[in-house]
1. Scanning the range 270-294 for residues that are in contact (Cβ under 8 Å) with a residue 60 or more places away in the chain and small (G, A, S), which turns out surrounded by the most Cβ atoms within 10 Å (Cβ to Cβ)?
2. Taking the residues in the range 89-121 that are at positive phi and within 16 Å of ligand 2 (Cβ to nearest atom) as candidates, determine which candidate is modelled with the highest pLDDT.
3. The conditions are (1) away from ligand 1 (no atom under 12 Å from the Cβ); (2) not assigned by TED's automatic domain parsing to the domain that holds Y62, and K315 fails exactly one of them. Which is it?
4. Of all residues in the range 172-206, which are aliphatic (A, V, I, L, M) and under 19 Å from E157 (Cα atoms)?
5. Taking the criterion of being of a type in the set (D, E), under 15 Å from V265 (Cα atoms) and surrounded by fewer than 20 Cβ atoms within 10 Å (Cβ to Cβ), would at least one residue in the range 303-322 satisfy it?
6. Would you check which residues across the range 105-143 are loosely packed, with under 14 Cβ neighbours inside 10 Å, assigned by TED's automatic domain parsing to the domain that holds K92 and among the charged types (D, E, K, R) and list them?
7. What are the residues in the range 69-105 that are of a type in the set (S, T, Y) and under 21 Å from R232 (Cα atoms), if any?
8. From A195, A182, grab the single residue that is more than 16 Å from ligand 1 (Cβ to nearest atom) and touching a residue at least 12 places away in the same chain (Cβ under 8 Å).
Amino acid sequence: MPSLRFLKGSNGCPISQAQNPAAAYPWTMPPERATQGPDQARVAASVPSVAVLGERLAQHDYLADDGLTTALFCAVRLPQPLLLEGEAGVGKTQAAKALAAMLDTPLIRLQCFEGIDASEALYEWDYPRQLLGIRLAEAQGERLTDQALFSRDYLIERPLLQALEHRGPNPAVLLIDEVDRADEEFEAFLFELLAENAVTVPELGTITAVIPPIVILTSNRTRDLHDALKRRCLYHWIDYPDLEHATAIVRLHVPDAPESLVRQVAEAVQRLRGIDVQKPPGVAEAIDWVHAVRLLGIEVLDVPAVQRTLGSVLKYREDQDAARAEGLAWVAGI
Ligand SMILES: Nc1ncnc2c1ncn2[C@@H]1O[C@H](COP(=O)(O)OP(=O)(O)OP(=O)(O)O)[C@@H](O)[C@H]1O
Ligand SMILES: [Mg+2]
């Protein structure tokens with residue numbers, strides 16, 4: 001059961017049953033939908049196979065290996081939420097962005113943080129507007145009913161509700177980013193959404209998606225997620241890419257960089273990952289590094305070049321010290 005924190009109005013007061021006019025809401029979604037609606041047929045036509053999905057993602061500047069493409073394919077076609085875990089900068093968030101771009105559908109992003117609750121994630125009543133409404137009605141000698149006060153006019157939709165109510169033609173991609181930053185309580189709040197494409201809140205009753213969104217959750221694994229959340233999701237761990245894959249990704253992002261420089265940087269990043277650093281560099285750092293080196297007009301990664309640009313790739317003083325202890329020539333691969 002979600003805690004009371006998730007069942008409060010925007011003024012912070014718990015919502016009583018008497019305040020709950022949910023049953024009367026005409027816009028409450030129907031409880032069931034066909035699992036294979038026209039939206040699913042459209043998606044199936046544009047993503048007929050794992051191979052086609054991989055090609056289409058590449059057209060949108062995202063190079064996924066076979067494991068990740070297969071996981072995304074299942075998430076899109078079953079459909080079932082997909083939990084992506086991996087170190088920082090391996091492309092978890094970008095996977096959802098690329099998927100949305102590929103399907104030409106909105107990316108609806110919920111950025112999680114400690115203390116996030118339903119008012120940030122699902123909906124909030126527009127309390128100042130409600131007060132204004134009450135005053136205006138009073139000025140006209142009228143009284144707003146609960147039903148009028150808790151009507152659509154005063155509702156602010158947050159990402160989860162936006163995703164459930166997206167009307168197509170393709171399903172929205174709902175990105176629940178960095179879910180490990182949210183409290184366990186919030187994770188429990190997500191169960192119903194993940195399993196049933198529905199949310200239940202006192203004022204609104206149960207709202208079920210007309211077109212279930214494609215749901216991607218990401219986690220940096222700062223803490224373990226609850227088994228109950230994992231049970232409702234497909235799971236894929238995004239590993240650091242191998243050298244070929246990393247080189248191809250960097251080349252995609254910095255197409256005008258010399259091939260040899262891109263490869264040198266990709267190799268150097270791999271080497272740095274092998275030493276004892278607090279924050280091993282990922283794909284993002286490799287891309288940033290090539291950008292910085294190019295900006296400085298450097299064509300070859302040599303010792304002075306590494307010296308000048310180490311801050312693009314190692315973000316802790318101790319990590320830079322560890323690299324220097326190995327030798328900057330070693331970092332450059334010479
Ligand atoms: N497979 C890939 N194809 C193309 N670009 C990629 C790929 N992987 C990572 N990138 C690029 O690397 C950068 C970082 O990716 P992203 O922000 O998705 O990482 P992340 O795993 O979400 O990191 P964090 O955990 O810090 O949020 C982006 O610029 C992204 O475009
Ligand atoms: Mg991210």
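The values are calculated or read from the model by the stated rules, or taken from the named source; none is laboratory data. If you're wondering where the values come from, they're calculated on a predicted model, not measured in any experiment. Heads up, the Cβs are rebuilt from the backbone with ideal geometry, glycines too, and the neighbour counts pull from every protein chain shown.
1. Among them, the one singled out is G282.
2. Checking each candidate, the answer is G91.
3. Of the numbered conditions (1) away from ligand 1 (no atom under 12 Å from the Cβ); (2) not assigned by TED's automatic domain parsing to the domain that holds Y62, the odd one out for K315 is (1).
4. Passing the criteria: A172, V173, L174, L175, I176, L190, L193, L194, A198, V199, V201, L204.
5. no
6. Within the range 105-143, E114 is the sole residue that qualifies.
7. Those that are of a type in the set (S, T, Y) and under 21 Å from R232 (Cα atoms): T69, T70, T93.
8. After applying the criteria, what remains is A195.
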